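Shown next, in structure tokens, is the structure this report addresses.
Bear in mind these aren't lab numbers, they're just calculated from the coordinates by the rules spelled out. Values in this document were obtained by computation on a predicted structure and should not be read as measured data. Reconstructed Cβ throughout: ideal geometry from the backbone, glycine too, with neighbour counts over all protein chains shown.
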Amino acid sequence: MIRILMIDDNVKLIDAVKEYFKNNEQIKITMEAHDGLEGFEMLRDHQDEYDIVLLDLIIHFLLLILILL
């Protein structure tokens, strides 16, 4: 199974993606973050719990700043 960490501040989008994959046994949204800081912490602290990161591009810029600090 492919485990996805989804980082997006749009909760409706996260819910829609989870709904889209709900019957798919190969792909699951296993973790979600709703802002850049929460996403950064999940990326740092839970590296063994996801295979792919689905990242909001606007939050991506914030994450780059946090990583470089």
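List the aspartates and glutamates whose Cα lies under 19 Å from the Cα of LYS22, skipping any in the same chain that are fewer than 8 positions away.
Cross-link targets: ASP8, GLU32, GLU49, ASP51.
In nanometres, what is the gap between the two model label sites at GLN26 and GLU49, each 7 Å from Cα along Cα-to-Cβ?
Between GLN26 and GLU49, the simple spin-label model gives 2.6 nm.
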